[in-house]
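Contents: one structure, followed by commentary.
The values are calculated or read from the model by the stated rules, or taken from the named source; none is laboratory data. Every value quoted in this text rests on a predicted model; they were computed, and no experiment measured them. Glycine gets a Cβ as well: all are built from the backbone with ideal geometry, and neighbour counts include every protein chain shown. Note: accessible area is taken over every heavy atom of the protein model, side chains too, but ligands, DNA and RNA are not part of it. Shrake-Rupley method; radii C 1.70, N 1.55, O 1.52, S 1.80 Å.
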Amino acid sequence: MAEKLEDSLVRILNKNGSYIGIGVLISHEHLITCSHVILDALGLKHTSLDVPKESVYVDFPYQKKQTILSATVVEESWRPPQKDISNYLDDGEDIAILRLDGIAPKTAGPAQFVQLEELRDHEIDFFGVPANNPQGVWTSGKVVKKLPNGRLQIQGTGQEGYSVEPGFSGSPILDKNQQAVIGIVVARDPKRPTARVGFAIPTDMLVRAWPALMERAILPCPYQGLSTFLEKDARFFFGRNRLIERLSQTVKTQSFSAVVGPAVSG
């Protein structure tokens with residue numbers, strides 16, 4: 001596993017040698033990205049449903065030794081968009097797994113993923129290669145909420161900085177609190193290109209397309225920072241069943257009961 005997300009990042013090139021999108025290592029042999037990124041890299045139409053047979057080329061932006069490798073689509077993983085990719089409400093999964101045709105740098109490694117039921121207002125970072133910036137840039141934002149089609153709506157949190165635009169597709173989204181990947185960037189609203197709004201494929205959809213990814217998905221961190229614990233966090237509270245039962249019996253038989261303990265003892 002990579003110590004930090006940067007060591008998992010992959011840039012994807014098109015036939016002209018320009019960077020077209022981002023991928024992320026999910027094993028030492030495989031990476032995940034959006035299927036429309038692969039179609040763009042190969043100069044194919046977004047409406048193409050056939051599994052691409054031609055290789056694409058990738059490199060690793062944060063590795064000291066610049067290595068370019070070819071990679072091919074794993075046929076059973078191919079999930080092409082079902083509509084025009086410009087439609088952000090596309091019901092297609094838009095997912096592709098690629099197998100590297102060589103060995104990734106030793107210091108590169110797979111990212112850590114996490115599945116979360118509630119992501120609203122979680123702060124995030126993601127990486128992209130927008131036009132005229134081949135080295136790549138980071139941008140920050142937050143999760144708004146999950147949409148009816150299962151995708152996440154994300155948005156920038158300030159007036160400055162990069163918005164979701166071509167070159168960010170396929171980028172892993174780092175949840176700052178969990179320090180793990182919660183999904184990949186997939187699209188923006190084409191009718192509002194200047195809006196700092198985008199859409200992402202969450203980890204649970206990625207796992208359905210590639211079940212082996214579950215091995216990289218950790219349990220959510222119970223520490224919520226300064227956020228309030230709510231009913232949805234009940235799964236984090238366990239291990240005191242006997243104490244709870246004793247307390248329940250005590251308050252039923254005594255008119256007064258006191259529960260004391262040090263601060264933050266729960």
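Put simply, the amide H of Thr67, placed in the peptide plane, has neighbours under 5 Å in Phe60, leaving out anything fewer than 5 places away on its chain.
From most to least packed by mean Cβ count within 10 Å, the peptides 176-186, 129-139 give 176-186, 129-139. Residue ranges 27-36, 194-203 sort as 27-36, 194-203 when ordered by packing (mean number of other C-beta atoms within 10 Å per residue, highest first).
Straight-line cross-link reach from Lys106 at under 17 Å between alpha-carbon atoms covers these lysines, not counting any fewer than eight positions away in the same chain: Lys4, Lys64, Lys65.
Annotation: per residue accessible area for the range 4-46 equals 35 Å², rounded to a whole number [probe 1.4 Å, protein chains only]. In this structure the amide hydrogen of Phe113, modeled in the peptide plane, comes within under 5 Å of the amide hydrogens of Val181, Ala217, Ile218, none closer than 5 places in sequence on its chain.
May I ask you to list the lysines whose Cα is less than 24 Å away from that of Lys53, ignoring any residue fewer than eight positions away on the same chain? By straight Cα distance, Lys53 reaches Lys15, Lys45, Lys83. Taking a ≥ b ≥ c as the square roots of the eigenvalues of the Cα gyration tensor, the range 134-183 is rounded, since a/c falls below 1.5.
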